[in-house]
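J.: Let me begin by handing over the structure; questions about it come next.
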Amino acid sequence: MFGKKRVAIVGAGLTLFRRNLKETGKELCYEATKMALDSAGLTLKDIDSVAFGSAPDAFDGIHMKGENMIDSAGGWRKPFSRVFVGGGTGVFTANAGWWHVASGLFDTCLVVAEEKMSSCYPHPAHAFTTIFDPIMSRPLGTTLIWIFALEMHRYMHRHGIKKEQIALVSVKNKKNALDHPCAQLGANITVEDVLNSEIMCWPVQRLDISPTSDGAAALVLASEDVAKKITDNPVWIDGVGWCIDSTYWTNRDLYYPDYVEYAARMAYRMAGIKNPPKEIDVAEPYDPFDYKELHHMEGLLLCKKGEAPKLTEEGVTQRDGDLPINPSGGLLGVGNPIAAAGLMKVCEIFWQLRGEAGKRQVPGDPRTGVAQAWGDLMQYGSVIVLRR
Amino acid sequence: MSAKIKKYAGHPLKSAEIREGKVPTARWRPKAKYMWSAGVAMSRFLNELKNGRIIATRCNKCGRIMVPPRVFCEQCFKPTDNWTYVKDTGTINTYSASFIAGDASRIKEPIIVAIIDLDGASPGMGIQHKIGEINWKEVKFDMKVKAVWKPPEERKGAITDIKYFKPV
Amino acid sequence: MEDVAIVGVGCTGFRPITPEFSYKEIMFEAATRAYADANVNPRKDIDAFITCGEDYWDGHSIFDEFVPDQLGAVLKPLFTVSADGLIGLATAYMLIRTGQFNTVMVEAHSKASDILTFTDIVAFGLDPIFNRPLGGHPYYIAGLEMTRFLHETGTTKEQCAHVVVKNRKNALANACAAYGADLTLEDVLQSEPMFYPLNRLDTSPLADGCIVLVLASNHVAKKLTDTPVWVRGVGWNSDTSWLESREWGRAIYAELAANMAYKMAGIKNPPKEIQFAEVDDLFSYKELQHLEALKLCGRGEAGKLTEEGITQRDGQMPVNVSGGALGMGYAPEVLGLQRVLEAALQLRGQAGRRQLCDVETGLAQSWRGIPTATGAVAVLSREVK
Ligand SMILES: [Zn+2]
């Protein structure tokens, strides 16, 4: 095995995901953290360190917001630090928790991710206008959706993919989310509903997109010897990976996410995975837009380039298919409080591998799962591989 | 555990409750103002836009001609100080028609945005800009386009010195 | 256990303004220097890249979007730690200790001169419900803390002024420092009152600059350099976010971070085992408060020791020979790496006019500034112990 110590997940917590929650960011952190600790049968006394994750300060409206959240994430008078890699933050925070324990410095680490997007008023979209280059992009009035539309269109063009194929992802994930108790947008919709929804930035339509949300998620990590005292069924973090591509996104061919592939290869190498489609039983790729699930399945090497739409059409990615993808309902269905949404995916794989996912449980006794998030200017991939 | 948990934390609010002031809130408008130094590479780029030209840098090692220009090649990690003009024509690499403004409000006439691979730069060296003088439904991949510049007296040394690109 | 060493350092130097360069170009310069110093090619030899900063310092939401190219990190594992560079260094240390990474880069940069509304940004870090609506310049928090510190320890304003005189003077011998000056106690004590009891010269003025460090595991470090600087211990910690419930007189975060670092380094008697210290002095009193928290002297003693010249460059326990933040300049999130840079140069014997004699072990400590109660400590040595 890799690393000094093998690292286990022994508990998980999650709040509701909603467009507006009454709770402050601090209160959301507390709720998720408390649930994760309770589920592991631990208290804050048992925690040695905290890895915190949250996306732009502009959402919560607090500069250095990690510092503001310390107490609520269990970090008071403990080694606490925040990692931040845009939309990739949620999964990456679990990676950060891994190195706290794998380094041998700590026996336990709390992993907490929070986002309170509704604090950016009247619309969280405002925060996104400041993510662009101030010389090349901001003067043009660039928006988040339009850069993703450029990527989606390029992906469709290179592989000859139809909107109908992509819409199937939205239909599947919103349906899966009906079984998720925290979900914001679980629904039974049809491909026609997606294709008839209002055009945002062609080819992106309203139902191709995940919502803005408030929410928090948390995990408790422990070293091997400590984990075995806490639980009979730990879930092991066997691989972590991350990668960033160039800032100059207009200089890249957007049809394929190289950075996700590099991140996946890093994580698979650590986990000893040689044949991802065969060895991975369930996956939670990042799906803030429906085409991103397909894009990321390809980047995660779960299928060949351009093949993900076909697998989706064939039902392979359904919860009862050969390779269940986003059984949680993903960001499209559960919601997208950015960092919390990424960590929600790690929580889902944890529950799936423990056989505790209830109505969402994928059949076939899954043993290996992968979660992935994506961020920055279409340039960041973070990946984690979990095994029972 | 997920299956065993009966209740998840969180009190949902309706947007109207917030809008109508039915829940207590604290408001603040951040005063965050910046004046970024454009730096060596982009200062020259912006000055050349004023002259109606697009300037790039070339890497001595890999030979790439890069737009926007930079004082280093990120692939070779070498300084670059070879300056070269590229054309103000190019091909559409990918495009979109935006019906949404930055504040998430809807706009009637969509803004057509595109990545334009500039002629004279290395393959795939695109810049982001708008497309004009065409209905968005008629835009095609690989379409040839040319910059439409503001009149010289209106140029400020900004990317918006190019009004948009139009089909040729 | 895999020991970890600093094998390369790069610094642009610190200046009040740098209008000729973009922040990207500043970072490129520091990175190029560090890689040359470590004799590594970032495109091949670096396994992970850590950049430290906060969105509102840089003026971009998600600022790490704009960093990989100039660090040689395109299509490489890079990430942001939203913290001071010394917590970035602690993170690099953890990565190497996992056994999965041999060579890790840490970067922190400041282009504070790009910010037109610095005070408003600092205020934006206050709690939006309890503190921010009360208004005022947020440095009043340092005033509150200093008052309590002076009250609890019997330290005087004059003793704090000694810190300023010493550090600004030390900076005269440091080409990287922005604010070297030959001041008198009266200059400090008679500068305008800002946030009582702080006068203008008790606070560190802003500066631009970038520092990059390269760290490596034991077996790689020994191949790369004859002068590795070993990271024998790291620690970091945070007191409560709530201003209202802090211990205003004590720097609890520094006490706890030091405990962690000392334990890791096997240090039992800090003043005996540590020959010099680079500690946070963003405000003059902070140097004294931090020296006490780090147990380099007893509580209430730091002011007296400073008066007696013990912390001078030629004293028994030289403190901030670099000039500290008061002399080098306040570069947000770069302060920890300023301290580490000086410690590394001293231990390598490359500190030029500032070089201390026969130093084996030094300490670097940082604080994240207003309104945080977060800090970090590193113990650095010429030898692996
Ligand atoms: Zn090159």
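J.: Over chain A, what is the mean sequence separation of C-alpha contacts under 8 Å (at least six apart), divided by residue count, expressed as relative contact order in percent?
T.: So the answer I get is 26 percent.
J.: To continue, here is another question. Could you give me the radius of gyration and the Dmax of chain C, taking only the C-alpha atoms into account and expressing both in angstrom?
T.: 19.2, 56
J.: Right, another one. Using Cα centres only, tell me the gap between the stretch A:207-242 and the stretch C:268-313 in whole Å.
T.: Centre-to-centre (Cα) distance: 42 Å.
J.: Using the number of other C-beta atoms within 10 angstrom as an exposure proxy, rank A:T129, C:T311 with the fewest first. Kindly include the intermediate steps, with their values, before the conclusion.
T.: Details: A:T129 18, C:T311 28.
Fewest-to-most Cβ neighbours within 10 Å comes out as A:T129, C:T311.
J.: Summing -39500 (n - 2.57) over the DSSP H runs of n ≥ 4 in chain A and dividing by its residue number, what mean residue ellipticity at 222 nm do you reach, to the nearest 500 deg cm²/dmol?
T.: Working: 15 runs with 143 residues, N = 388.
Roughly -10500 deg cm²/dmol at 222 nm, from the helical runs in chain A.
J.: Using +1 on the beta carbon of Lys and Arg, -1 on that of Asp and Glu, and nothing else charged, what's the dipole of chain C about the Cα centre, debye to 20? Could the numbers behind the result be given before it?
T.: Values: 35 positive and 48 negative charges, 190 e Å.
The calculation lands at about 920 debye.
J.: Also, quick follow-up: Over the stretch A:187-284, calculate the relative contact order: mean separation of alpha carbon pairs under 8 Å at least 6 apart, over the residue count, as a percent.
T.: Relative contact order here is 19 percent.
J.: Further question: Could you tell me how far the Cα centroid of the stretch A:1-50 sits from the Cα centroid of the stretch B:14-36, in Å?
T.: Cα centroid to Cα centroid, the span is 28 Å.
J.: A further question follows. Within the set of other residues whose C-beta is less than 9 Å from the C-beta of B:L49, count the net charge using Lys and Arg as +1 and Asp and Glu as -1.
T.: Working: positive: B:K50, B:R53, B:R155, B:K156; negative: B:E48, B:D161.
Every neighbour counted, the sum reads +2.
J.: Run the reach check for A:K359 against aspartates and glutamates, Cα to Cα strictly under 19 Å, same-chain hits fewer than 8 apart removed. What comes back?
T.: A:D179, A:D281, A:E284, A:D320, A:D322, A:E348
J.: Provide the percentage of antiparallel DSSP beta bridges, counting only those with both residues in the protein assembly as shown; round to the nearest 5. Show your work: numbers first, answer last.
T.: Numbers: 115 of 143 bridges.
Here the share of antiparallel DSSP bridges comes out near 80 percent.
J.: Still on this structure, please answer the following. Relative to the longest principal Cα axis of chain B, at what angle does helix B:39-50 sit, 0 to 90 degrees, rounded to 10?
T.: 70
J.: Given the Cα-Cα distance of B:S15 and B:E109 and 0.36 nm per residue of separation, how much length would full extension add, in nm? Spell out each step's value before the answer.
T.: Values: separation 94, 0.36 × 94 = 33.84 nm, distance 2.80 nm.
Residue separation times 0.36 nm, minus the Cα-Cα distance, leaves 31.0 nm.
J.: Moving on to the next point. Please list, in order along the stretch B:96-112, the HN-Hα scalar couplings obtained from phi with the Karplus expression 6.51 cos²θ - 1.76 cosθ + 1.60 (θ = phi - 60°), rounded to whole Hz, x for Gly and Pro.
T.: 8, 10, 9, 9, 10, 8, x, 8, 6, 7, 8, 10, 6, 8, x, 8, 8
J.: What is the stretch C:5-147's relative contact order, in percent, from Cα pairs under 8 angstrom and six or more apart in sequence? Walk me through the intermediate numbers first.
T.: On the way: 171 pairs, mean separation 35.1, N = 143.
RCO, the stretch C:5-147: 25 percent.
J.: Distance check, please: which entries in A:K304/B:K144; A:K345/C:K263; A:K174/B:K31; A:K163/B:K140; A:K116/B:K31 exceed 27 angstrom between their Cα atoms?
T.: From A:K304/B:K144; A:K345/C:K263; A:K174/B:K31; A:K163/B:K140; A:K116/B:K31, over 27 Å: A:K304/B:K144; A:K345/C:K263; A:K174/B:K31.
J.: Just how large is the dipole of the protein assembly as shown about the Cα centre, in debye to the nearest 20, putting +1 at every Lys and Arg Cβ and -1 at every Asp and Glu Cβ?
T.: Working: 108 positive and 110 negative charges, 248 e Å.
Approximately 1200 debye in magnitude.
J.: For A:S137, A:S72, B:S105, what's the fewest-to-most ordering of other Cβ within 10 Å of each Cβ?
T.: Fewest to most other Cβ atoms nearby, the residues stand as B:S105, A:S137, A:S72.
J.: Another question, then. Need one number: convex hull volume per residue for chain A, Cα atoms only, in Å³. Write out the running numbers ahead of the final one.
T.: Working: hull volume 47.0 nm³, N = 388.
Spelled out: Cα convex hull of chain A, divided by residues, is 121 Å³.
J.: Could you work out [θ]222 nm for chain C from helices alone, using -39500 (n - 2.57) per DSSP H run of at least four and dividing by all its residues? Round to the nearest 500 deg cm²/dmol. Kindly include the intermediate steps, with their values, before the conclusion.
T.: Values: 16 runs with 142 residues, N = 385.
That comes out to -10500 deg cm²/dmol.
J.: Another question, if that's okay. Using a cut-off of 13 Å between beta-carbons, work out the net charge of the residues near C:G324 (Lys and Arg +1, Asp and Glu -1, C:G324 not included). Before the final figure, lay out the partial values.
T.: Working: positive: C:K166, C:R168, C:K169, C:K286, C:R313, C:R339, C:R354; negative: C:D202, C:E278, C:D280, C:D281, C:E287, C:E342.
Here the count lands on +1.
J.: Here is a follow-up. With a sphere of radius 14 Å drawn around the Cβ of B:L13, what net charge do the other residues whose Cβ falls strictly inside it have (Lys, Arg +1; Asp, Glu -1)?
T.: Net charge in that neighbourhood comes out at +2.
J.: Order these by the 10 Å Cβ neighbour count, fewest first: A:M136, C:M94.
T.: Going from sparsest to densest Cβ surroundings: A:M136, C:M94.
J.: Based on alpha-carbon atoms only, what is the radius of gyration of the stretch A:236-388 relative to the globular estimate 2.2 N^0.38 Å? It would help to have the intermediate numbers written out before the result.
T.: Values: Rg = 14.2 Å, N = 153, 2.2 N^0.38 = 14.9 Å.
Taking the Cα Rg and dividing by 2.2 N^0.38 Å, one obtains 0.95.
J.: Restricting things to Cα coordinates, could you compute the convex hull volume per residue of the protein assembly as shown in Å³?
T.: Details: hull volume 142.5 nm³, N = 941.
Convex hull volume per residue, Cα atoms: 151 Å³.
J.: Would you list the membrane-span-like helices of chain A, meaning whole DSSP H runs whose alpha-carbon atoms span at least 24 Å along their axis and whose mean Kyte-Doolittle value is at least 0.5? Intermediate results must be reported in sequence, preceding the final value.
T.: On the way: long enough: A:338-354 (25 Å, 0.98).
Qualifying helices, which must be both long enough and hydrophobic enough, are A:338-354.
J.: Next up: Which order do the peptides C:130-137, C:213-220 take when ranked by the mean count of other beta-carbon atoms within 10 Å per residue, highest first?
T.: On the way: C:130-137: 13.5, C:213-220: 23.1.
Per-residue Cβ counts within 10 Å, averaged per peptide and sorted highest first, yield C:213-220, C:130-137.
J.: Rounded to the nearest 20 debye, what is the charge dipole size of the stretch C:123-264 about its Cα centre when +1 sits on each Lys and Arg Cβ and -1 on each Asp and Glu Cβ? Could the numbers behind the result be given before it?
T.: Values: 13 positive and 15 negative charges, 119 e Å.
Magnitude of the dipole: close to 580 debye.
J.: Among A:D320, A:D60, A:D365, whose mean-square fluctuation peaks in a Gaussian network model of chain A (Cα, cutoff 10 Å)?
T.: A:D365
J.: Just counting partner chain Cβ atoms within 10 Å, what average do the residues of peptide A:35-48 show around their Cβ?
T.: The per-residue average across the peptide is 1.
J.: Calculate, in whole percent, how much of the Cα-Cα pair population of the stretch C:1-86 lies beyond 15 Å.
T.: The share of Cα pairs beyond 15 Å in the stretch C:1-86 comes to 64 percent.
J.: If you don't mind, another one. Along the principal axes of its C-alpha atoms, what lengths does the stretch B:1-68 span, in descending order and rounded to whole Å?
T.: 64, 37, 19
J.: For A:259-271, what's the mean count of beta carbons from other chains sitting within 10 Å of each residue's beta carbon? Show your work: numbers first, answer last.
T.: On the way: counts 4, 0, 1, 3, 2, 0, 0, 5, 0, 0, 1, 2, 0.
Taking all residues of A:259-271 together, the mean is 1.
J.: Using the alpha-carbon centroid of each, what span in Å lies between the stretch A:274-340 and the stretch C:93-117?
T.: Between the Cα centres of the stretch A:274-340 and the stretch C:93-117 lies a distance of 33 Å.
J.: How big is the antiparallel share of DSSP beta bridges in the stretch B:39-167, given as a percent to the nearest 5?
T.: That works out to approximately 95 percent antiparallel.
J.: Considering the options A:G104, A:V50, A:S118, tell which one lies farthest towards the positive end of the dipole of the stretch A:18-160, charges being +1 on Lys and Arg and -1 on Asp and Glu at the Cβ, about the Cα centre.
T.: Of the candidates, A:S118 comes out farthest on the positive side.
J.: Towards the positive end of the charge dipole of the stretch A:173-229, with charges on Cβ (+1 Lys, Arg; -1 Asp, Glu), say which of A:H180, A:P211, A:V226 has the farthest Cα.
T.: A:V226
J.: Report the per residue volume, in Å³, of the convex hull enclosing the C-alpha atoms of the stretch B:39-167.
T.: On the way: hull volume 15.8 nm³, N = 129.
Taking the convex hull of the Cα positions in the stretch B:39-167, it is 122 Å³ per residue.
J.: Out of all DSSP beta bridges in chain A, what portion is antiparallel? Express it as a percent rounded to 5.
T.: Beta bridges within chain A, antiparallel portion: roughly 75 percent.
J.: Report, as an integer, the average count of C-beta atoms from other chains found within 10 Å of each Cβ along B:68-76.
T.: Details: counts 6, 0, 8, 7, 9, 2, 14, 6, 3.
Per residue, the average neighbour count from other chains is 6.
FYI, it's all coordinate maths here, none of it is from the lab. As the structure is a computational prediction, the values presented were derived from the model and not from experiment. Counting neighbours? That spans all protein chains shown, and the Cβs are built from the backbone with ideal geometry, glycine included.
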